[in-house]
Amino acid sequence: MNSKKFSEAMNEIDDKYVDEAIQYKKKKPQKPIWIKWGAMAACLCLVIIGGVMFTQNNNNIAPNPDFVQVPNPIITVSSVSEMEEYLDFEVPTLDKEIEAYEVLVVDSYPTMGQVRYTDGSEFRILYGSEDISGIHGGSLVETKNIDDIEVKYYEYTDTTYAIWEQKGFSFSYVYTTDGTAEVETFIQQFK
């Protein structure tokens, strides 16, 4: 067949068939019906499980404080001798009015003694070698040697304090007036 005959044959084709051919779309193969039903069943299961979990928790909206209680890490005692019983070491004190004797408990074990005085000063003692002042960012003012013990005096805003180590213990004393004499008293008592 030459091109002329082909062209004539194409002209004789009804336009209806050409339009049908243009509009023709191949059908997509259908997925098996079990996939559709399986997906719907999985969604239904998720909704049911979520509903059950929601209704079970709905009865206990408020938390039970019995499960979230944390023990107080500070034990307030009535005397220095009671504090020493907890700590198993001597705690030096000054001859001035005391506001509170406290023992800090870490990992269920009493570790640090703290004596708070009514004038706002505070003394701490702990076995080990570290800064136990609880004040971070202070500026070193001076270092003094008292009975072969190096005492460092610091300032932080309106707070003045001293730290030192003696006989394997760390000490801290936050004071309101000149604390040098009081630090000497602590060092003398702990010899």
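Any read-out appearing in this document is the output of simple, stated calculations on the displayed coordinates, not a laboratory observation. Just so we're clear, the structure is a prediction, and the values are computed from it rather than from any experiment. Note that we place each Cβ from the backbone using ideal geometry, even for glycine, and neighbour counts take in every protein chain shown.
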How far apart, in nm, are the 7 Å Cα→Cβ label points at Lys26 and Asn72? 8.1 nm
I need the phi-derived Karplus couplings for the range 153-162: 6.51 cos²θ - 1.76 cosθ + 1.60, θ = phi - 60°, integer Hz, Gly and Pro marked x. 9, 10, 10, 9, 6, 9, 10, 10, 8, 10
Beyond a 25 Å Cα-Cα separation, which of these cross-linked pairs lie in this structure: Lys96/Lys191; Lys4/Lys26; Lys96/Lys152; Lys4/Lys25? Lys4/Lys26; Lys4/Lys25
How long are the three semi-axes of the equivalent ellipsoid for the range 134-189, computed from the Cα gyration tensor as the root of 5 times each eigenvalue, in whole Å, largest first? 18, 12, 10
Where q = 0.26, 0.30, 0.32 Å⁻¹, what log10 of I(q)/I(0) comes from the Debye formula for the range 66-109, counting one point per Cα? -0.99, -1.17, -1.25
Which label in (1) 126, 49, 28; (2) 162, 33, 21; (3) 60, 36, 28 gives the computed Cα extents along the principal axes in Å: (1)
Give me the one-decimal Kirkwood hydrodynamic radius in Å for the range 69-163, with the sum taken over alpha-carbon pairs. 14.7 Å
